[in-house]
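Just so you know, all these numbers are worked out from the coordinates, no wet-lab data involved. Computed from a predicted model, the values in this text were never measured in an experiment. Counting neighbours? That spans all protein chains shown, and the Cβs are built from the backbone with ideal geometry, glycine included.
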Amino acid sequence: MTLRSALLAALSASAFVPAAAQPLAAADAFVVRVDSATIARSGASRVADLLRLAGAHAGHSLDGFRLSFDPAGSSSPLFPTWQLVVDGVPMPVGGPFDRHPELIPTVPGLVREVRVITAPSTRSAGGRIEIDTARPPEGLSIAGHVSAGNEVGDPGPYRYTPLATPNADRIGPVFGFRGAVRADAWRVEGTYRGDEIHMTDPALEPRVRLLYRGTYRPRLLLAAPSLAVHRESARSRHRFQFHFGALRDLRLVAETGSEVPSLSRHWAASAAGRQAIGRRWGVEYALDARQQDILPRTADQSVAFDQVFARLDAEFALRRESRRFAIGLSLGGRLRRLDPMPGVLDRTVAVPSARLDVAWQPTPGWRHAVAVETALSNEDPLRRNRLRHSATWLQRIASPGGSTFDLAAGWIVEMPEVAEQPAWWILQGWRPPSIGADDESPRLTGAPYLLDARTGSGQAEWTLRFRGGTTLALLGFGRVYRGHTLPQIDLVAGPSLAPRLDGRERFAIGVGGALYGARIRVAGPASAVAWHRLDLTWTRPVAEGDEVYWRHAVTRPAVEASWLASTQPVPRTSILVEASARSSASWPGFVPDPTTGGYAVLPSRVDVSIAVSKNLWGDRLLVQAAFRHALDRPFRTHPFGQSDRLALHLGIRAQLGYVPGES
Amino acid sequence: MRFGTARFALLALVASMAVPGVAAQDAAWSTLRISVAGAESVTRVGMHTWWRPTTGAALRVEAPFEGGFLEAGARFMPLGARTDAVPSYTALLAWAGWGGAWRPVRPVRLSAALRAGMLRMDFAEDIAFAGVRSESELTLGGAARLEIVLSGRLGVFAEAAAERTLTAIEIDQVHASAGLLLRVGAPRWVREVLR
């Protein structure tokens, strides 16, 4: 693949990220793909489901719904060194001011492909997750899915008797819907997504119920409509999208280990496009405006939670491409408005920036990219260096037998005001959400001034391809972090009469450490009608004496294994099995019992899900039964988090179309 | 009497042994066997200390499929309260199953199937318990069935179904049902959809 074709291929999937900043994995190195058939057969209906299918570590989840991503072990926990890109548009998630991951503007059940790329790009040192939504067919069409999960372990009729037991979770209905009109170059799409989870974990319920007015139970309710207009032609692509999401949430305050019933409302409007000029020149533009309100739904006056965060990103790029070179000059800016205490603090920060991206391919099998970006803002008097820079490097050595050896390396330096580190916002006046009396100004510990967050990344992958289509990939990787900001968790479960946890907000500046790992992946057909993928990942953090880094890094299991298999025992009927195993992990910031002390430890665990699907009416309908957590062992990803148990999900997916003039 | 795990497993095993189609198979989705029945609970388990099951009704549809047949059905059964301490409730079991059939002699047809479904319980109470008046629960089981064909399309049948409802205190029950069945060719649009 030439650089130009790679760039054009990248452009076809992206109208926002400059091609020169695309990740190195333009070919098939460092990439895990999940296609629409696998997504449909698995019953995936949430973003978390997609990432689990892609082998992206689903991190920890306190509430069973929110999660942190760690794609392919490429990031250390709580270091968001990866980038999430939905239909070519970057979607910041995971940070204190970012949208909930499930509020991204797509319907997960209608996704065409998910790609987890662990190679660095000049915009993300830890890799990238790309989600492409399926395009609707020509004419009028509707597509959607609905499912509901039934639980086990309820008291049933016994709840009225002396043998009553606590209730169990209810999951769903979960549904996603898209109506679309597509004609010539124009496409109009309207989508709606809804989701419900009613949780009953005895460990969770008392903490949450305490904060409600009345007898509400822990629950999550999601409603998210969107409208998008696209225009595409051979030489141009333009899109306008409006998205709204409302989530009645148990918002995780990770630093205090408690959940706060809240309402998150998220508005977003974006416009993005590109226009070719001649053979080699092109312009790209992107405007993205969004606002997020977070409101508490609690009677507890000690909850300081209201926040309004608005952001406007604009970027205009001029690019030139040739067979071996691509160069892009971008001018843009970021406008941030933070209103954490209405009437008291209303902070607006503008950060104009200029960026230069260059990529070149001196010989086939090589690709290099560098980027330099500078912020023109002088809002932060504590810093002097205002230059962000990044570079990536890839070499592929292909053997005659088709096996390949790929090397990738990169580094990225993030300015605090660009990376939007919590510590930088604290200096601007932001106060993290807090509960209880201990809500004095958050303390910053560590370096006396803010540092650039620097991340270095290197990895090598050796891929062997065997006759019959099976591949064996051996991956080694390392990440080095310097200058990051992390919350310092210091959390103790309260006495029995106070079910809420007691925590303290502190942020450490200048945190550094390293993470090394190796992975073995075997993938390919298991028979004429079966396919599977096995991943075994081992990671080892090196704290280099930094206790804050160590306390976060060891929350990641050292060994993870996942197995995904799909088969069609009879035509048009499929069985998909997901199995995963994780070693135990320590959570030093969490002390379950102050009288005995010691760390909270998540034991090693195994999880299995099985989905059976049948296509009906051609490929228009698919009915499905999926057993989640089929081993019926409590499955927990956070020491104080929600525990999931066996549930049967029943669902149906449909795709119906009508083209005027055709029967 | 609690329907023991061993007996439950035995019935499930018998049902699963019948799954590979041992009778001459109709083409997939070519016919529909529609049955209506009255149903009774024939076991007495712990919950029957508080509730008395009454006669229920069931509807089931079966169609030939690879390796046997697929079925879907629903059974509605009211349960009356034996004491004032608990409310009466109605139980609606909706299930799907996969099984096989055997015709030893005309006009007899034996079949067995594995089933998975949801049992929804709606409680007749004035004040909702913790905000809800109903519960749904996963139910697994197996069924054995004897059919006698009276004519080309019409028949009668009797069925025994063993079910385990996965509540915190698992509820194992056997239900017996008997009724009429009608065998019809699947309409073209039904075959089109199912195919």
1/(1 + (r/R0)^6) with r = Cβ-Cβ of A:Leu329 and A:Asp184, R0 = 35 Å, i.e. FRET efficiency to nearest 0.05, evaluates to 0.60
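Averaged over peptide A:161-173, how many Cβ atoms belonging to another chain are found within 10 Å of each residue's Cβ? Could the numbers behind the result be given before it?
On the way: counts 9, 2, 6, 3, 3, 1, 5, 5, 0, 3, 0, 0, 0.
Per residue, the number of nearby Cβ atoms from other chains is 3 on average.
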Taking a ≥ b ≥ c as the square roots of the Cα gyration tensor eigenvalues, with a/c under 1.5 meaning rounded and otherwise prolate when a/b beats b/c, else oblate, which class fits the stretch A:579-663? prolate
Between B:Trp189 and A:Trp267, take the C-beta separation as r, use R0 = 45 Å, and let me know the FRET efficiency to the nearest 0.05. 0.55
What does the C-alpha gyration tensor say about the overall shape of the stretch A:123-189? Classify as rounded when a/c is under 1.5, otherwise prolate if a/b is larger than b/c, or oblate. oblate
Looking only at other chains, what is the average number of their beta-carbon atoms within 10 angstrom of each beta-carbon in A:641-650? 2
So who's got an amide H within less than 5 Å of the one on A:Leu450, skipping anything under 5 residues away but keeping other chains? H placed 1.01 Å off N, in plane. none
Given H placed 1.01 Å from N in the peptide plane, which residues other than close sequence neighbours of A:Arg219 have an amide H under 5 Å from its amide H? A:Met199
Residues whose placed amide H lies under 5 Å from that of A:Val86, excluding near-sequence neighbours: A:Met91, A:Ile131
Got a sec? Charge dipole of the stretch B:47-168, +1 on Cβ for Lys and Arg, -1 for Asp and Glu; which of B:Phe65, B:Val156, B:Leu114 is way out at the positive end? B:Val156
What does the structure give for B:133-140 when I average, per residue, the other chain Cβ atoms found within 10 Å of the residue Cβ? 5
Among rounded, prolate and oblate, which fits the stretch A:565-621 when a ≥ b ≥ c are the square roots of the eigenvalues of its C-alpha gyration tensor, a/c under 1.5 means rounded, and a/b larger than b/c means prolate? prolate
